[in-house]
Amino acid sequence: MSHEAVIVGGNRIPFAKAGGRYAEASNHDMLTAALDGLIARFGLSGQRVGEVAGGAVLKHARDFNLTREAVLSSALSPDTPACDLQQACGTSLEATVYIANKIRLGQIDSGIAAGVDSASDAPIAVSDPLRRILLKASAARSTKDRVAALARIRPSHLAPAAPSVREPRTGLSMGEHQALTTKSWGISREDQDALAAASHGNLAAAWDEGFFDDLVTPYQGVTKDALLRPDTSIEKLAALKAAFGGPDGTMTAGNSTALSDGAATVFLADAQWAKRHHLSALARVVDAEVAAVDHPSGADLLLAPVAAAGRLMARQGLSLDDFDLVEIHEAFASTVLATLAAWESEDYCRGVGLDGPIGTLDRKRLNVTGSSLAVGHPFAATGARIVPTLAKLLHRKGAGSRGLISVCAAGGLGVVAVLEAV
Amino acid sequence: MKRDTEVLSRPPRLAPAFARSLIPRSRGGSPRIPTRSAVIENLTQDRERLAAYDRLTGFTLRDDVPPTWLHVLTFPLHIHLLSDPESSIRLLGAVHVSNRMTLHRPVGADERLTLDVHLDALRPHARGALVDLIGQVRVDGEPVWDGVSTYLAQGVSVEGEPHAVERQLHEPSTPHSLWRLPVGLGRDYRSVSGDPNPIHTSRIAARVFGFPRPIIHGMWTHARALAAIEPRLPPTYTVDVAFTKPILLPATVGLTSTPTATGHAAAVTDRTGTKPHLLMSVVGEPPNK
Amino acid sequence: MAALERVFYSPAGQSLAKRAGVPQAQQLRRGRTWPSGPIVLAPLGSPTLVRDALIALGREFHHPVIDTPGETPPGYGARIGAIVVDATDVSTLDALEGLRAVLRPALRSVEASGRVIIVARPADGDWEAHAVARSLDGINRTVGKELRKGATANLVYVDKSASSADVQSTLDFLLQGRSAFVDGQSWYVGTSGTGPQPTDPPLEGRVIVVTGAARGIGASISRILSRDGATIVAVDIPAAGESLAAVANEVGGTALHLDVTAADAGERIAAHVAQRGLRLYGIVHNAGITRDKMLVNTDADRWSSVLQVNLAAQLRINEVLLKKGTAGGLQDGGRIVGIASTSGLAGNKGQTNYAASKAGVAGLVAAMAPDLAERGITVNAVAPGFIETDMTARIPFVQREVFRRTNSLAQGGSPDDVAETIGYLLDPASAGVSGQVIRVCGQNLVGA
């Protein structure tokens, strides 16, 4: 018996700037709020869902079972199992794939994929030497040993270690990595600013249209994505100073995503099960692929989705023209532009093992309701933001419409997925 | 030439040896180096220290040890020989200019090692004399690691024409990794390597040797760079390193690395990628049969 | 003010207030509870309507004690829970004496939160009969004011064509604690026609949209209707966010974020219902706002925003939901309930816009009811008086205390009282109740 995994809908809380309105909210709080909104939208209160898979990139040690704990705080039946899953910025797209695969295998009838991140409530750890001394002291068998261990603490050990968004292996931040890519692909400041302005414009129009009314549940008095600047323009963006790539860099705070807080969820179900439960499906999950690049050896960190997209399209026998809509996560404007350039590059595509270039995208099909530059990018939540958004857009275009999602992630990872409207 | 062998029961304590090695020697006569080998047999490796070494240099803690770790184990014998009254090469003013080591087979952290070090090839250089500290690590008589550290002894004159030293060229390129080296890194490395040279930890000592700030140990930089490319390396290889310019602490330096036809090339540079501090080349070797 | 309120409600303050003659609030009997004392049935003449209804409800009833002129006023000897007077045969002034004769002993004996219920016929026949029908209203209102300790009086005009089944849900509601804050009121019960079959619980499996469901009375409506078996579609503005989700999840319903004034609000409600494979049974137009100002200070914006939310939105949404063939539209035999207000019925200083909208709701239900009768759809409204909510908690204490006490029950109502009345109107068994505005005000002095 074959099973089809369909997206029934989604829910997220509006995304906010780090240190903003969600500054006091933890990952647990935000994930629970996003789940409760989803449960309310689809009448799942008290019900047992097959599985909830979710995660966060910046995680406290106490959140080792973050998703399960959020399920227990939510209105779902406490009998609902959950697992934590993490793939950097690809987390909740990967969680979507995980749930979809379980549905397709007939292991579960329904499931929720989720992601959350708080850059405001990021874990601060004690320094590594202090941690080791404390561990030794706690393992000591006698008071004397314990005192001796603790006596090794030095003032310099007491400086806290803040989490870093640097790549562990390269010591470069995402922005510094992307600056290398921006330079080597020759992405212009003008193109980046134009893409950022379009993102804000598209998102603002979608909010005005009420597009997000059944995708978002306001939280903590935030009713709209707080990073959105409907009045921004290419001119205003052009006035900003470079943030990455040195003084003559082209990447600014305006064409790079800001650190943000938020949570997002996707409700997936077996197509037949959804029908029996009178839940209308928006789109089915066709296929997905994950790729990685060797960025420690100098590969473009955030271009891994190119290989993933190429392999996925080859497997499915699809070309770029077969996609009505394309969602490319806007880690930076230049990430999107470099991705598009890489799609067109014979050399690059062959270099990552593809048969030839992926092709040229008609920009009218790209990120039509805005993306991370305007919405914000709570790392693990972005995939679960994009999936229901694209599913709804495709559904409106009509059955059979196809969409591609491309999400780059730290560690030189790239996750892509294909959805098709039902 | 059959060498005399001095077998040490345990690694010599470094601080006294180091202090002795600093004492200037009379300049009379032609330069001499000890001709005997210094050997330690059946050395047990300290796993806790190895873990600390791996953490500090970026290696993954495995059951097999990094080749640079084996160098660290032989280092006390270097000091021991250089502190010998027979030696006219002093550590004071000696600069580590290059290093070559070959891993003949993966070496386990549980294996008991025989370390064997001697000095050789004292030869003229434009700014003094070059000398090689030659080390070997054996397990049950089987050579598993060979290392050659070449030092420049400034102000020492050796008869003959200076050998032309091959200069590796560096092609500037933007680093794809940046390392932020804190000011206390020298102190941290001293605690795992045992190298007590204050030039790495004391601003005053550094000034004495003409550096405005402490410099990080060349062998830390070596190990850190090797650790960065370690996952790409074959199981057995020879790694050549040239220390082209000391790194003053604190510092932000860059790494570039590229695969080559026979292995891997890497450079530790300033953050712009133009001035190299260390140039490394790795060539795969057939493993011991 | 908060300090004053604390003092007033402290034991010392309350005892002082009692001696000063401030009426003390009785804890009202609420919910699906029956009177604790016996129910007395007093048929005037030989009508059977109420008797049959009580039998159908499974209620035992007792004979009334009759006050005979010239004799010592007799009593019941114990508290009675309720007296139900079947006055459906009363059409003459002389016959009103029968009413006096059963009420006089009963009023002495009725328990706390007891009930006086008069069932009569709507004005019909000769001039005297019309006068008598109206006299009953005067009697009812006065009895309501004379009753103490949370007991209430209400009058039901039952159409000649109506059967005992048609009056059951009304008697059920009035006798039970659900009608706690409905006092001194009268309304009409007609025939059910082709109404839906009654079920137990009454709203089992029925889908009901509640607008403004995120807090206060709306949340209460959702809970009460859910208790009675309804599947709730909780609607509120997007900004209500989390609290709407919380209400929907609590009642096991679904949430729909929607501004009711949006042009496509009706379509989106219908789509939400249809998408989930549901059939819409009822809608409660609870969403409402106030923008109070004296009329001399009321600008066009203040004026229209209140009218838009409180009245225009209902008109537009109803139109969509009532359009035949709309997927997710209101089914035949369905229910529409609006929220009027005593302010709308009586007028209230500083609330011209609000009164316009709320009086408009009363007018709207009166107009819609006959038009939708043939589809079995009923349209009614409730008109809350002073209800204890987050909104009224913001009224200054002294003013609030005055509002609370200017009704026959000497207290504010609870949101549940409004919700219970709405539940009664939504009951499939209430098919004969349409076009009515029922005040839930404890017989407030303000208003008609």
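The values are calculated or read from the model by the stated rules, or taken from the named source; none is laboratory data. Computed from a predicted structure; not experimentally measured. Heads up, the Cβs are rebuilt from the backbone with ideal geometry, glycines too, and the neighbour counts pull from every protein chain shown.
With respect to the conditions (1) more than 25 Å from residue A:13 (Cα to Cα); (2) within 8 Å of another protein chain (Cβ to nearest Cβ); (3) surrounded by fewer than 18 Cβ atoms within 10 Å (Cβ to Cβ), residue C:303 falls short on a single one, namely (2).
Of all residues in the stretch B:74-114, those being part of a strand (DSSP E or B) and not small (Gly, Ala, Ser) number 10.
Is it the case that some residue within the stretch A:33-41 is in contact (Cβ under 8 Å) with a residue 12 or more places away in the chain, buried (at least 24 other Cβ atoms within 10 Å of the Cβ) and away from chain C (no Cβ under 12 Å)?
The answer is no, given that none of the residues of the stretch A:33-41 is in contact (Cβ under 8 Å) with a residue 12 or more places away in the chain, buried (at least 24 other Cβ atoms within 10 Å of the Cβ) and away from chain C (no Cβ under 12 Å).
Scanning the stretch B:31-45 turns up one or more residues that are closer than 30 Å to residue A:127 by Cβ and in contact (Cβ under 8 Å) with a residue 40 or more places away in the chain.
Criterion first (modelled with pLDDT of 95 or more and more than 18 Å from residue A:39 (Cβ to Cβ)) does residue A:243 satisfy it? Full working, then the answer.
Values: modelled with pLDDT of 95 or more: no; more than 18 Å from residue A:39 (Cβ to Cβ): yes.
It is false that residue A:243 is modelled with pLDDT of 95 or more and more than 18 Å from residue A:39 (Cβ to Cβ).
Here residue C:313 meets each of (1) touching an Asp or Glu at 6+ places or on another chain (Cβ under 9 Å); (2) farther than 29 Å from residue A:281 by Cα; (3) assigned to a loop (DSSP other than H, G, I, E, B) with one exception, condition (3).
Given the structure, is residue C:271 in a helix (DSSP H, G or I), farther than 21 Å from residue A:76 by Cβ and more than 8 Å from every other protein chain (Cβ to nearest Cβ)?
yes
For the stretch A:213-263, filtered to residues that are within 20 Å of the chain's Cα centre (by Cα) and of a type in the set (Asp, Glu), the residue that is farthest from the other protein chains (Cβ to nearest Cβ) is A:261.
Taking the criterion of being more than 10 Å from chain B (Cβ to nearest Cβ), touching a residue at least 60 places away in the same chain (Cβ under 8 Å) and of a type in the set (Asp, Glu), the residues of the stretch A:168-212 that qualify are A:191, A:193.
Just a yes or no: is a residue in the stretch C:166-173 among the small types (Gly, Ala, Ser), part of a helix (DSSP H, G or I) and within 30 Å of residue C:203 (Cα to Cα)? Let's see the steps before the verdict.
Restricting attention to the stretch C:166-173, the residues satisfying the condition of being among the small types (Gly, Ala, Ser) are C:169.
Filter once more, keeping what is part of a helix (DSSP H, G or I): C:169.
Checking which are within 30 Å of residue C:203 (Cα to Cα) leaves us with C:169.
So far as the stretch C:166-173 goes, yes, one or more of its residues are among the small types (Gly, Ala, Ser), part of a helix (DSSP H, G or I) and within 30 Å of residue C:203 (Cα to Cα).
Every listed requirement among (1) modelled with pLDDT of 95 or more; (2) under 26 Å from residue A:32 (Cα atoms); (3) within 13 Å of chain A (Cβ to nearest Cβ) is met by residue C:221 save one, (3). State yes or no: is residue C:288 within 30 Å of residue C:200 (Cα to Cα) and not hydrophobic (A, V, I, L, M, F, W, C)? Here the answer is no, as residue C:288 does not meet what is asked. Residue B:232 meets all of the listed conditions (1) within 14 Å of another protein chain (Cβ to nearest Cβ); (2) closer than 29 Å to residue A:246 by Cα but one, namely (2). Of all residues in the stretch C:259-287, those satisfying the criterion of being in contact with a Ser or Thr (Cβ under 8 Å, 6 or more places away or on another chain) and crowded, with 24+ Cβ neighbours inside 10 Å are C:260, C:283, C:284, C:285, C:286, C:287. Looking only at the stretch A:362-404, count how many residues are in contact with a Leu (Cβ under 6 Å, 6 or more places away or on another chain) and over 30 Å from residue A:52 (Cα atoms). Going through the stretch A:362-404 one residue at a time, the tally reaches 1.
Of the residues that sit in the stretch B:260-289 and are assigned to a loop (DSSP other than H, G, I, E, B) and of a type in the set (D, E, K, R), which one is nearest to the other protein chains (Cβ to nearest Cβ)?
In the first step, residues of the stretch B:260-289 are kept if they are assigned to a loop (DSSP other than H, G, I, E, B); the result is B:260-262, B:271-275, B:285-289.
Checking the rest, the ones that are also of a type in the set (D, E, K, R) come to B:271, B:275, B:285, B:289.
Working: B:271: 10, B:275: 17, B:285: 21, B:289: 31 Å.
Result: B:271.
Just checking, how many residues over the stretch B:232-259 are assigned to a loop (DSSP other than H, G, I, E, B) and of a type in the set (A, V, I, L, M)?
Narrowing the stretch B:232-259 to residues assigned to a loop (DSSP other than H, G, I, E, B): B:233-236, B:244-247, B:249-250.
Among the residues that remain, those that are also of a type in the set (A, V, I, L, M) are: B:233, B:247, B:249.
So the count comes out to 3.
Is it the case, given these coordinates, that residue C:255 is in contact with a Leu (Cβ under 8 Å, 6 or more places away or on another chain), outside any helix (DSSP H, G or I) and facing chain A (nearest Cβ under 10 Å)?
Working: in contact with a Leu (Cβ under 8 Å, 6 or more places away or on another chain): yes; outside any helix (DSSP H, G or I): yes; facing chain A (nearest Cβ under 10 Å): yes.
Spelling it out, residue C:255 is indeed in contact with a Leu (Cβ under 8 Å, 6 or more places away or on another chain), outside any helix (DSSP H, G or I) and facing chain A (nearest Cβ under 10 Å).
Considering every residue within the stretch B:229-236, establish whether at least one is closer than 24 Å to residue B:172 by Cβ, surrounded by 17 or more Cβ atoms within 10 Å (Cβ to Cβ) and touching a residue at least 12 places away in the same chain (Cβ under 8 Å).
yes
Considering the stretch C:108-143, and only residues there that are touching a helix residue (DSSP H, G or I) at 6+ places or on another chain (Cβ under 7 Å) and assigned to a helix (DSSP H, G or I), the residue that is farthest from residue C:432 (Cα to Cα) turns out to be C:143.
In contact (Cβ under 8 Å) with a residue 60 or more places away in the chain, within 18 Å of the chain's Cα centre (by Cα) and outside any loop (DSSP other than H, G, I, E, B): which single residue out of C:203, C:225 fits that description? Break it down stepwise before answering.
On the way: C:203 fails: outside any loop (DSSP other than H, G, I, E, B).
Result: C:225 is the single residue among C:203, C:225 that is in contact (Cβ under 8 Å) with a residue 60 or more places away in the chain, within 18 Å of the chain's Cα centre (by Cα) and outside any loop (DSSP other than H, G, I, E, B).
Among A:298, A:376, which is the only one that is without any contact (Cβ under 8 Å) to a residue 60 or more places away in the chain and either farther than 30 Å from residue A:228 by Cα or crowded, with 21+ Cβ neighbours inside 10 Å (or both)? Of A:298, A:376, the one residue that is without any contact (Cβ under 8 Å) to a residue 60 or more places away in the chain and either farther than 30 Å from residue A:228 by Cα or crowded, with 21+ Cβ neighbours inside 10 Å (or both) is A:298. Taking the stretch A:44-65 on its own, how many of its residues are within 14 Å of another protein chain (Cβ to nearest Cβ) and surrounded by fewer than 24 Cβ atoms within 10 Å (Cβ to Cβ)? Matching residues across the stretch A:44-65 total 4.
Here is the figure for the stretch A:215-255: residues that are farther than 28 Å from residue A:190 by Cβ, surrounded by 21 or more Cβ atoms within 10 Å (Cβ to Cβ) and touching a helix residue (DSSP H, G or I) at 6+ places or on another chain (Cβ under 7 Å) total 4.
Take the conditions (1) touching a Gly at 6+ places or on another chain (Cβ under 7 Å); (2) under 27 Å from residue C:71 (Cα atoms); (3) not basic (Lys, Arg); residue C:102 misses just one of them, which is (1).
Let's see how each residue does on (1) within 15 Å of residue B:101 (Cα to Cα); (2) buried (at least 22 other Cβ atoms within 10 Å of the Cβ); (3) not basic (Lys, Arg):
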| residue | (1), (2), (3) |
| --- | --- |
| B:200 | no, yes, yes |
| B:212 | no, no, yes |
| B:252 | no, no, yes |
| B:259 | no, no, yes |
| B:263 | yes, no, yes |
| B:269 | no, yes, yes |
| B:287 | yes, no, yes |
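Restricting attention to the stretch B:174-206, and to residues there that are closer than 14 Å to residue B:277 by Cα and not aliphatic (A, V, I, L, M), which single residue is farthest from the other protein chains (Cβ to nearest Cβ)? Break it down into steps so the answer makes sense when it comes.
In the first step, residues of the stretch B:174-206 are kept if they are closer than 14 Å to residue B:277 by Cα; the result is B:175, B:178-179, B:181.
After this cut, where a residue has to be not aliphatic (A, V, I, L, M) as well, the list is B:175, B:179.
Numbers: B:175: 8, B:179: 5 Å.
In this case the residue turns out to be B:175.
Restricting the search to strands (runs of 3 or more DSSP E) fully inside the stretch B:122-223 and requiring at least 2 residues that are farther than 22 Å from residue B:270 by Cβ and in contact with a Gly (Cβ under 7 Å, 6 or more places away or on another chain) gives B:128-139, B:142-154.
Only a single item in (1) at the interface with chain A (Cβ under 10 Å from one of its Cβ atoms); (2) over 30 Å from residue A:216 (Cβ atoms) is not met by residue C:200, and it is number (1).
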